[in-house]
Each structure stands twice: as C-alpha cells, then as structure tokens.
Amino acid sequence: MCGIVGYLGPKNPKDVIMTGLKALEYRGYDSAGVAILHEGKFKRVRAEGKLGNLSEKLASEPFSGHLGIGHTRWATHGKPSERNAHPHSVGSVSLVHNGIIENYVELRQELVREGAVFESETDSELVAHLVDRQLAKTPNLLDAVLQVLPRLQGAYAIVVVNEKQPDTMVAFKNGPPLIVGVGDDAMYVASDIQALVNYTRRIVYLDDGEVVEVKGPSYKVFSAAGQPLQKKVNEVNWTSEVANKGGFSHFMLKEIFEQPRAVAQAIQPHINLAKNSVELNGVGFDVNDVFRDIERVFVVACGTSYYAGLIGEYMIERLARVPVEVDIASEFRYRHPVLPKNSLFISISQSGETADTLAAVRLAKQAGVKVLSICNVRSSSIDREADGHLYMNAGAEVGVASTKAFSATLALLNLLSLALAKAQGQSTIEEEQKLVRQLLAAPSQIEICLNLDKFFKEAADKLKNYRGFLYLGRGVHYPIALEGALKLKELAYMHAEGYAAGEMKHGPLALIDKDMAVVMMVPHDELFEKSLSNLEEAKARGGQIISIGTGHNPRLEEISEHYLSLPEVDWFTLPLLEVVPVQLLAFHVASSLGHDVDQPRNLAKSVTVE
Ligand code: F6R
C-alpha cells in the first residue's frame, strides 16, 4: 500500500511524478503529495483524498528544479489528512514511505525526549527526523541513511532527498517493492514498473536490505552494510497499460465484462487443441516430474485470491486425489505449519505483492518445498521468488475489487487439477478431454451470464434496501458465496456473510427475517434437494430468496423472489459462471448507493503491509 516515485533528470519532475502516481493510485488514495526542488528549496504540495485533488493544487505551481519525490497514501498510522500526507519534511530532508515502522513508538519517544517536534501522527515522519539528525554528523545523504537503517524495524520502501544535495536521491527497502528505472539522461525510483514504463524499460529490482544512491544520471546499489553490489539491469517489454475504461462507466464493470477474454487468455498457452489435453507450458520446472511425486498441496493467498484457492481445493482433491490445505496467508505464516518435503506450495496473488502471501512463499521456500505462483503481474515480488509460474494473463486489473483475476485463477486451477490428476495417474484421457472441452466452452458461457447485468441494474434500487445479505452455497459453490459476500461488503459497505449452506441451522438462520436477502447457489446437481431444503427453511423465516441455478428450474423459480438462470454446466466450470451474478449484484448495489466502486473506502489494490 502507498505508491512512491522519485525522479532526477532534465524533464519537468512534476509531470513525471504525477504520471507515475497516477499509475500507482491503486496502491492507496487517502492523500497524495509531492516535494520538488524549486529555487534551491523543496516545495511541498499535498492534498487529502484522491490524486485529482493534488493535481488541481499543482496546476498553477511552477518548479524550476530537476529532483522530486511523490507519494499516494493508504493510511496506516494517522488518519487520512493533509497533515499526515507525505512527503514528510524535517530540516533539509524530505521523504516518502510505503510500509510500517514497527518500533515507531520507541523511536518517536526517544526523538521527542531529544526535542524533536512532530507535525504529523505518522510513523514515517520519524525517519525524516532520524536522517536529518544523522546528517548533522555525517553530511552525506547515503552515509546518513546507512547509519539510520539499523534502527528501523518493520516494512519499508523509502525515497529520501536532501536540499543540500540537489543532484542526489537515496532509496532503500525492506519488504515493500521498490525498483530503479535507468533512463538515458534521467533516473527514476518507484513502487512498480507501471509507474515508469512511459519513460524507461530498463529496470533494477532492489532486494530487501539494499540501498540505492542515485546521483545525476547514474546510480550505485549498496548492501545495508554499505558494500557496493552489482545488480542486473532487466529489459522489460511491458507496454503502458494506461487506465482506460473502454466505454464502461467504471473499471470494475469493464473488468467484469472482460472475464470471457481473461479466461481464454489464461488457458490458451496450456491447452493442446489438437488433443484437447492439458500441457502446462513455461512453468519453469518439469511439471510432470514434479507433479508425479507430490503428496500434499498447500494453497496460500488472501481475500478473493484465497476464495479462488478454496475452489482449487475441491478441484484438486476430487480429480487428483491429493490432499490439499488452503490457508489465509496471514494465518499460515504464523501458525508454524508442517510442510512435508513432497509438497507443492501454490501461492495465488493478482498483484504478486501481497505482504503476507510473499512471507508465506518465503517460508515454504525455506522449508525446501516447490513454490508455484499463480500471479497476474509479471516480475512482481512473488513472481520473482517462486520456482514455477502460471500467469493469469488477465491484463491490468484497475478496479480495487478483484474480478477478472479471480476468473483467470479459477481457469488456471482447472488446468492445474487436471495436470496433477494426469501426473498422479488419476485420470483417463477421455475424462481429461471432456473437462478440457468444458473449460474451452466457459468463455462463451460467461458471455451469457453477463446478460444478467441488466437485471441487477434494475433490481439494485430494491436490493440496496435490505438490511443484510446471506450468501449460501455447498461444495465448489460455497467459496462463491464467500466471494459474493466479500464483494458486497467491500463495495456497498453493507453487512453480508458467506456460509456453507449446511451450516445455516448452526447459527446464521437466526439472522433471517423479511429484511434479509438470501443469495444461494443452487445448481442442479446431486446436492440440489438438500440446497432446496435450506432455501425452504430460509423462506419459512421470511428471508427474501435470490437463487442462482442452472437452466429452467420451476421449483426454484417458485420459491425465489428472483431466480437467475445460468447455462447448464457441471461443477468443474460452474464457479466461473456463478461468480458473474454475485459480482454484478455488488457492483450495481454499490453504484446505486452512490459509492466509488473502483476505489472503495479504506482499501488498496496492493496490500504490501501485513
Ligand atoms: C477483494 C480483493 C482482495 C484481494 C486480496 C489479495 O476484491 O481484491 O481481497 O483479492 O487483497 O490480493 P492479491 O491477489 O493481489 O494478493
């Protein structure tokens, strides 16, 4: 969370920094700010709220210098306000920070005792104080930073500048991502590549504990102990995925509608169309070799990616007969997990930067377990650290609420479960061909589900008046219930819960009355009768039933306030279809409540602090 940019070069720093911040706004939008040299001093301009507020303030501001830093904030310490906005300036020092300084209470108390006066409530400002104080003893910025570094505990990516060295910026990191962009006559630092692709494609990835000193148009990287390091310059072939809504009102809606393509792009590299078989290509290790000996699978992720992982558990256990454990990354990393040698560890992360998922990946690697990453953003931290890679290929996901990345992940898990089943000798060619054909048909079936957009657009005005929503499902459909509830919570700020339908009588039934909507996945499968009984029980207590089923289903239609019919497919790909109505429901309810759907309050797209 938080996006940071630094620029040193002949262009107007305001333009470069604002272009970079625009690309980084997904990382937080509580406030934004810049500090840019003007007539020998850093001129600081900050604004509460989204980047647009800062743009307005900056419109008439001239800057004469060629060095500047910028920040877009997701608040950790200190409420969102201009006072707490970055950059933080103390003496001649200005800095921007992404992360959390964990020992900030002790450090702040110490600084206050020494007479420091704080103007914000942030943990970041104290780093500016520490560097400023150190500069009094060691006037060189790099030396000062190297002295301050050992004092900082926690997660940080920081860019710092010093008015007295107008040709220098120093950046360092531990945890959150930080990259250096190498231009012909200019240097850049930023939280991610998208912030820089308009200017350079030559990128140096900083590792934890590293410090870069940018001086004029060159740079040097050092260890935290000050030892010079040789770093590889990577030529990235990214193009600028300039945010564009493609005629839709919101990025999220566009991304919901992009799901047929996202699924097709995810599976395309891995399907042999002549044989209708799965061949996981470009993974980075020999899939058959590794998968043959796997005795246990761990899937670790957060949020929506975690729910995709839960669906993966059902697929893998059912098809490959390998036991699967799915964990929330923040739990996994601290629960002292037992990771037997012949395990496969699958991380799922759209951004590839989620701090807890990254920490879990490191833990698995330390235990000597093969790590396979399912990721959307290439060259992200998780992607770079994993042993093997399956790419979502979903294209940039801009809406903070994940949609097309979820579908692309499900499609990859479809393939992965088939590949594992094959390597384990658990599937027949006929079964594989049948399920591959089913997966190939999914994009056009998702298209059909997108027609429900019209229904939710019209129904939203009524749906928004319910007091709460209970989402229910069984088997692979249960994680869709969890996902539906999460989407509604994060976008509409309404109370919603996802439950395994069989658990309803064990508590949640007490919530149901006429003001409660019950959204249930009720596919026409072997558990249909049981699910129908659950719905009857909810209806008997006054619940308003919205059922999501397959094909024409008179019994469901009769007991439901709204029955939403999906194409008749079986369990393997049905979650890909079921997720569409729950996404559309959340989107339209949130829109009709007037919320900012693309940038819901308090959230950020990339969660780089734990
Ligand atoms: C919800 C949502 C989040 C993310 C979660 C993990 O709509 O987007 O729950 O799924 O923060 O993010 P990644 O997949 O980037 O690790």
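Please determine whether any residue of the range 150-168 is surrounded by fewer than 23 Cβ atoms within 10 Å (Cβ to Cβ) and assigned to a helix (DSSP H, G or I).
Yes, that holds for at least one residue.
Within the range 347-370, track down each residue that is in a strand (DSSP E or B) and buried (at least 23 other Cβ atoms within 10 Å of the Cβ).
347, 348, 349 - these are the residues of the range 347-370 that are in a strand (DSSP E or B) and buried (at least 23 other Cβ atoms within 10 Å of the Cβ).
Can you run down the residue pairs with Cβ atoms below 7 Å, 6 or more apart or on separate chains, where the first is in the range 66-82 and buried (at least 24 other Cβ atoms within 10 Å of the Cβ) and the partner is among the acidic types (Asp, Glu)?
Every condition considered, the pairs that remain are 72/25; 73/30.
How many residues does the range 451-489 contain that are over 21 Å from residue 517 (Cβ atoms) and at pLDDT 95 or above?
1
Residue 493 versus (1) surrounded by fewer than 24 Cβ atoms within 10 Å (Cβ to Cβ); (2) among the hydroxyl-bearing types (Ser, Thr, Tyr); (3) more than 16 Å from the ligand (Cβ to nearest atom): which is the lone unmet condition?
For residue 493, the exception is condition (3).
Among (1) of a type outside the set (Asp, Glu); (2) closer than 30 Å to residue 435 by Cβ; (3) out of contact with any strand residue (DSSP E or B) (no Cβ under 7 Å at 6 or more places or on another chain); (4) buried (at least 19 other Cβ atoms within 10 Å of the Cβ), where does residue 318 come up short?
Among (1) of a type outside the set (Asp, Glu); (2) closer than 30 Å to residue 435 by Cβ; (3) out of contact with any strand residue (DSSP E or B) (no Cβ under 7 Å at 6 or more places or on another chain); (4) buried (at least 19 other Cβ atoms within 10 Å of the Cβ), the lone unmet condition for residue 318 is (4).
Quick check on the range 380-416: of everything there that is among the hydroxyl-bearing types (Ser, Thr, Tyr) and within 11 Å of the ligand (Cβ to nearest atom), which residue is nearest to residue 255 (Cα to Cα)?
Only one residue tops the list, namely 403.
May I ask you to say which residue of 60, 81, 92 is more than 18 Å from residue 178 (Cβ to Cβ) and in contact with a helix residue (DSSP H, G or I) (Cβ under 9 Å, 6 or more places away or on another chain)?
That would be 92, the only listed residue that is more than 18 Å from residue 178 (Cβ to Cβ) and in contact with a helix residue (DSSP H, G or I) (Cβ under 9 Å, 6 or more places away or on another chain).
Any residue at all in the range 471-486 that is more than 16 Å from the ligand (Cβ to nearest atom), under 30 Å from residue 316 (Cα atoms) and part of a loop (DSSP other than H, G, I, E, B)?
So far as the range 471-486 goes, yes, one or more of its residues are more than 16 Å from the ligand (Cβ to nearest atom), under 30 Å from residue 316 (Cα atoms) and part of a loop (DSSP other than H, G, I, E, B).
Scan the range 263-318 residue by residue and report those that are in a helix (DSSP H, G or I) and within 16 Å of the ligand (Cβ to nearest atom).
266, 303, 304, 305, 306, 307, 308, 309, 310, 311, 312
Whether any residue in the range 516-533 is of a type in the set (Phe, Trp, Tyr) and closer than 26 Å to residue 306 by Cβ is what I want to check.
no
Being farther than 25 Å from residue 494 by Cα, within 15 Å of the ligand (Cβ to nearest atom) and among the aliphatic types (A, V, I, L, M) is the filter here, so list the residues in the range 563-610 that pass it.
Listed by number, the list holds a single entry, 609.
For the list (1) among the hydroxyl-bearing types (Ser, Thr, Tyr); (2) within 16 Å of the ligand (Cβ to nearest atom); (3) without any contact (Cβ under 8 Å) to a residue 24 or more places away in the chain, I need the number of the one condition that residue 428 fails.
So residue 428 meets the others, but not (2).
Could you pull out the residue among 457, 462 that is among the charged types (D, E, K, R), surrounded by fewer than 17 Cβ atoms within 10 Å (Cβ to Cβ) and more than 22 Å from residue 576 (Cα to Cα)?
462
Return yes when residue 377 is assigned by TED's automatic domain parsing to the domain that holds residue 310, among the aliphatic types (A, V, I, L, M), within 15 Å of the ligand (Cβ to nearest atom) and surrounded by fewer than 23 Cβ atoms within 10 Å (Cβ to Cβ) and no when it is not.
Considered against the rule, which asks whether it is assigned by TED's automatic domain parsing to the domain that holds residue 310, among the aliphatic types (A, V, I, L, M), within 15 Å of the ligand (Cβ to nearest atom) and surrounded by fewer than 23 Cβ atoms within 10 Å (Cβ to Cβ), residue 377 comes out as no.
Return the pair list, or none, for Cβ contacts closer than 8 Å from residues in the range 225-246 that are surrounded by 14 or more Cβ atoms within 10 Å (Cβ to Cβ) and at pLDDT 95 or above to residues that are in a loop (DSSP other than H, G, I, E, B) and among the hydrophobic types (A, V, I, L, M, F, W, C), at least 6 apart or on different chains.
Going by the 8 Å Cβ cut-off, the qualifying pairs are 231/206.
Could you grab me the full set of residues in the range 84-102 that are closer than 20 Å to residue 356 by Cβ and either in contact (Cβ under 8 Å) with a residue 60 or more places away in the chain or out of contact with any strand residue (DSSP E or B) (no Cβ under 7 Å at 6 or more places or on another chain) (or both)?
Across the range 84-102, the qualifying residues are 97, 98, 99, 100.
The values are calculated or read from the model by the stated rules, or taken from the named source; none is laboratory data. Since the structure is predicted, the reported quantities are computational estimates derived from the model, not experimental observations. Note: ideal-geometry Cβ built from the backbone for every residue, glycine included; neighbour counts use all protein chains shown.
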